Amino acid sequence: YVPGPNAVDDPTVVLELLRSAGVGHLVSGGSADALESTVLPFVVDDEMTTLRAHFARANPHWRTLD
């Protein structure tokens with residue numbers, strides 16, 4: 001649910017918001033009782049169909065993902 005005043009329906013505005021943030025949190029279930037979160041740089045393509053992020057090889061979080 002997104003309250004009306006917070007809704008953004010214009011894809012151009014959504015794309016601008018995504019690109020201006022530049023980073024986001026990737027959150028996963030690291031173990032049965034804990035979540036793991038890593039701040040990563042993100043980029044999105046012009047069609048908003050692909051979101052890419054980058055893990056540093058030294059970051060162990062990527063090894064816990066399928």
**Item:** Unmet requirement for residue 48, which otherwise passes all of (1) on the phi > 0 side of the Ramachandran plot; (2) open to solvent by 90 Å² or more (accessible area, probe 1.4 Å)
**Value:** (2)
**Message:** If I filter region 20-28 for residues that are assigned to a helix (DSSP H, G or I) and at negative phi, do I get at least one hit?
**Reply:** yes
**Prompt:** Out of curiosity, is residue 12 loosely packed, with under 10 Cβ neighbours inside 10 Å, out of contact with any His (no Cβ under 8 Å at 6 or more places or on another chain) and either touching a residue at least 24 places away in the same chain (Cβ under 8 Å) or assigned to a helix (DSSP H, G or I) (or both)?
**Reply:** yes
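The values are calculated or read from the model by the stated rules, or taken from the named source; none is laboratory data. Predicted model only: the values in this text are computed from it and were never measured. FYI the Cβ positions are ideal-geometry reconstructions off the backbone, even for glycines, and counts take in every protein chain you see. What goes into the accessible areas is simple: the full protein's heavy atoms, side chains included, and nothing from ligands, DNA or RNA. Shrake-Rupley method; radii C 1.70, N 1.55, O 1.52, S 1.80 Å.
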